[in-house]
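Since the structure comes first, as structure tokens, the remarks are kept for the end.
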Amino acid sequence: MTKTFMERAVDWGRRKSPWIIHFNAGACNGCDIEVVDALTPRFDLERLGMLQQGTPRHADVLVCTGAVTLQTRDRLKQIYNQMPEPKFVIAVGSCACSGGIFDGCYCINGGVDSVVPVDAYLPGCAARPEAIIDVVNKLLKKWEEKQKEE
Amino acid sequence: MLAALFHILIFPGLLFLMAYSLFFDFVDRKIYARLQNRTGPRWYQPLADFLKLLGKETIIPDHAAKKIFTFLPIVSMAAIAAAYLYIPLFLPESLYPFDGDLIVVLYLLTIPTVCFFLAGWFSTSVFATIGAVRTLTQLFSYEVPLFMALLAPALLADTWSLSGITAYYSQHPFYLLLNIPAFLVAIIACQGKLDRVPFDLSEAETELASGTFVEYSGRYYAIFRLAIDCELVVVSSLIAAVYLPMHSDSLLLGIVIYVLETLLILFILALIRTIMARIRIEQMVVLCWKYLTPIALLQIIANLLLKGVL
């Protein structure tokens with residue numbers, strides 16, 4: 001099936017303007033500092049079109065840090081459901097990927113993928129800002145290739 | 001008839017306004033980024049954002065008033081595009097000049113703000129409601145100094161039409177220097193009109209998520225963003241038309257002058273946005289009523305007295 005001009009334009013726009021929203025599901029704040037770090041002048045995510053949004057309604061990519069606690073489980077689900085399609089989830093940090101050192105703890109539900117589907121995993125304690133930029137880029141590149149195949 | 005449609009829809013009407021506003025948004029963000037020692041967005045960034053938002057799923061909250069919710073972005077965009085038609089852009093005269101178009105432009109520019117308020121109100125979300133109330137509080141504080149500051153030069157020129165102001169000041173270019181206090185008041189007040197730092201209280205990302213537009217997504221949010229960008233263009237054009245009325249009879253030279261003038265105003269606005277932090281709502285009310293309004297009032301009195309002398 002060939003795509004119309006408008007569909008291709010929208011695909012191009014999606015690739016060039018990923019807006020992120022940052023959610024802390026129970027992280028120790030290490031990865032959160034690194035996510036904020038990626039937005040500062042040194043790394044400047046805006047040159048790649050990434051903007052941090054305040055509300056899930058405007059965001060394309062949910063950047064989630066930390067192992068999901070029982071307290072944040074429902075909220076994470078709610079925020080994920082509030083995001084409009086197409087949406088992506090990135091688990092940033094070892095705890096978000098698998099639960100990390102908190103796995104098996106009495107108040108921990110598990111990694112982010114135990115609650116919402118995750119598109120990209122980024123291990124690290126804490127994940128480096130360069131890696132965060134790279135993972136968003138790779139995720140969109142992969143998605144673009146998949147769009148092309150269709 | 002065809003010519004009129006061309007003017008309204010394509011050049012210098014709707015389509016040109018949209019294209020120029022996307023360019024304007026890019027320049028604004030680029031200046032902002034460069035002043036913060038960042039690289040800044042790429043030139044097509046606003047277009048990519050707009051297209052992406054058009055293609056996203058549109059969510060309308062269950063409790064929102066659906067008709068008004070979907071109607072408001074279009075109304076605000078239409079009001080701004082209509083205001084653009086009455087401002088002299090490239091030539092000394094606007095497309096459809098008449099006596100009193102300055103007042104009409106000012107009131108057309110109030111409609112989007114009211115739309116933003118209603119958008120927040122009918123979203124029935126807590127964040128959006130607080131944002132909406134703040135929009136209205138802001139409206140009551142900056143509107144008076146802005147109107148007074150824009151009417152002061154018109155009083156000196158003894159006309160309510162923008163084309164008349166242009167004609168008067170091109171005969172007496174030095175009288176423009178008399179309006180500098182009003183110009184400063186207008187620049188500060190229009191930061192409030194455009195919801196920009198230091199007056200971005202209604203959007204305040206850190207406290208209110210995105211304030212008024214918290215529930216908007218997809219193409220409705222795209223149109224709202226476009227309307228805000230267009231408002232930036234229209235307000236800069238209006239300030240340029242009132243305080244820097246330099247026009248040429250040739251269209252090409254006129255376009256060059258227009259672009260330079262509006263970019264200059266945009267640079268001042270971006271500079272203010274960069275060096276300021278957000279202030280609290282009551283500080284804004286105090287600033288507007290205690291300082292900006294008296295300055296604008298003094299300017300009006302001075303202009304009235306000067307009119308007797310000159």
Selection count where residues are within 19 Å of the chain's Cα centre (by Cα) and in a loop (DSSP other than H, G, I, E, B), scope the range B:279-299: 0
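Okay, residues lined up against (1) among the hydroxyl-bearing types (Ser, Thr, Tyr); (2) in contact with a strand residue (DSSP E or B) (Cβ under 6 Å, 6 or more places away or on another chain); (3) open to solvent by less than 30 Å² (accessible area, probe 1.4 Å); (4) in contact (Cβ under 8 Å) with a residue 40 or more places away in the chain:
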{"site": "B:Ser94", "(1), (2), (3), (4)": "yes, no, yes, yes"}
{"site": "B:Val105", "(1), (2), (3), (4)": "no, no, yes, yes"}
{"site": "B:Arg134", "(1), (2), (3), (4)": "no, no, no, yes"}
{"site": "B:Met148", "(1), (2), (3), (4)": "no, no, no, yes"}
{"site": "B:Leu155", "(1), (2), (3), (4)": "no, no, no, yes"}
Filtered residue count, the range A:94-109, keeping only those that are part of a strand (DSSP E or B) and surrounded by fewer than 18 Cβ atoms within 10 Å (Cβ to Cβ): 0
Test: residue in the range B:58-74 that is within 12 Å of chain A (Cβ to nearest Cβ), among the hydroxyl-bearing types (Ser, Thr, Tyr) and under 30 Å from B:Thr129 (Cα atoms): yes
Residue count, the range B:211-250 (criterion: without any contact (Cβ under 8 Å) to a residue 24 or more places away in the chain and within 14 Å of another protein chain (Cβ to nearest Cβ)): 0
Lone qualifier among B:Ile180, B:Ile165, B:Ile223, B:Ile188 - being of a type in the set (Val, Ile, Thr), open to solvent by less than 10 Å² (accessible area, probe 1.4 Å) and either within 19 Å of B:Thr70 (Cβ to Cβ) or out of contact with any strand residue (DSSP E or B) (no Cβ under 7 Å at 6 or more places or on another chain) (or both): B:Ile165
Index of the failed condition, A:Arg8 passing every other in (1) at pLDDT 85 or above; (2) within 18 Å of B:Ala222 (Cβ to Cβ): (1)
Residues of the range A:1-34 satisfying the condition of being touching a helix residue (DSSP H, G or I) at 6+ places or on another chain (Cβ under 6 Å), under 16 Å from A:Ala91 (Cβ atoms) and among the charged types (D, E, K, R): A:Glu34
Matching residues in the range B:1-43 - criterion: being open to solvent by 40 Å² or more (accessible area, probe 1.4 Å), free of Cβ contacts under 8 Å to residues at least 60 places away in the same chain and within 14 Å of chain A (Cβ to nearest Cβ): B:Lys30, B:Arg34, B:Asn37, B:Thr39, B:Arg42, B:Trp43
Failed condition for A:Ser94, given (1) within 12 Å of chain B (Cβ to nearest Cβ); (2) out of contact with any His (no Cβ under 8 Å at 6 or more places or on another chain): (1)
Test: B:Leu53 is touching a residue at least 60 places away in the same chain (Cβ under 8 Å), within 11 Å of another protein chain (Cβ to nearest Cβ) and touching a helix residue (DSSP H, G or I) at 6+ places or on another chain (Cβ under 8 Å): yes
Elements of type helices (runs of 4 or more DSSP H) in the range A:1-93, at least 2 residues being among the hydrophobic types (A, V, I, L, M, F, W, C), open to solvent by less than 30 Å² (accessible area, probe 1.4 Å) and touching a residue at least 12 places away in the same chain (Cβ under 8 Å): A:30-39
Output for the range B:192-210, where each listed residue is part of a helix (DSSP H, G or I), closer than 15 Å to B:Ile130 by Cα and more than 8 Å from every other protein chain (Cβ to nearest Cβ): B:Glu207
Scope the range B:234-276; condition assigned to a loop (DSSP other than H, G, I, E, B) and open to solvent by 50 Å² or more (accessible area, probe 1.4 Å); matching residues: B:Met246, B:Asp249, B:Ser250, B:Met276
Residue list for the range B:50-89, restricted to those being surrounded by fewer than 19 Cβ atoms within 10 Å (Cβ to Cβ) and farther than 30 Å from A:Lys87 by Cβ: B:Ala78, B:Ala82
Qualifying residue in the range B:268-277 (condition: touching a residue at least 24 places away in the same chain (Cβ under 8 Å) and within 14 Å of chain A (Cβ to nearest Cβ)): yes
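The values are calculated or read from the model by the stated rules, or taken from the named source; none is laboratory data. Note that the structure is predicted; figures quoted are calculated from it, not measured. With ideal geometry, Cβ positions are generated from the backbone for all residues, glycine too; neighbour counts draw on all protein chains shown. Accessible surface is based on the protein model in full, side chains and every heavy atom, while ligands, DNA and RNA are left aside. Shrake-Rupley method; radii C 1.70, N 1.55, O 1.52, S 1.80 Å.
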